[in-house]
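Reviewing the structure listed below.
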Amino acid sequence: MTGNKHLLDILWERIGCTYLSDLKTPQIRPAAIEAIRETDRFAYPTEMWNETLSYIFGKSIILSSPRDVDAVISMRYFKD
């Protein structure tokens, strides 16, 4: 894990949006998805990925492993 920061905070800083809640808006979500795609899957625990993806998509997402991130964001992004 990168320091003690939560993945949501890291994505928020990387994207530069005003509020953390902006990550889940339709205008910012594509940038959030791109930032997720560029993030090392195994730098964060599965539970943190679950929290991050659930927050951004507004739906409960439970991964069995960080390796599942790409499949989930592809399904969720194109479904919403």
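Contact order for the chain, expressed relative to its length and based on alpha carbon pairs under 8 Å spaced 6+ residues apart, stands at 29 percent. In the chain, a dipole from Cβ-located charges (positive for Lys and Arg, negative for Asp and Glu) runs towards its positive end, and of Ile36, Trp49, Ile61 it is Ile61 whose Cα lies farthest in that direction. Computed from point charges on the beta carbon alone (+1 for Lys and Arg, -1 for Asp and Glu), the dipole magnitude for the chain about its Cα centre is near 180 Debye.
In a DSSP loop and with at most 11 other Cβ atoms within 10 Å, the trypsin sites (Lys or Arg not before Pro) in segment 13-80 are Lys59.
Values in this text are rule-based calculations from the coordinates and carry no lab data. Predicted model, so just to flag it, every value in this text is computed and none were measured. Neighbour counts run over all protein chains shown; Cβ positions are idealised from the backbone, glycine included.
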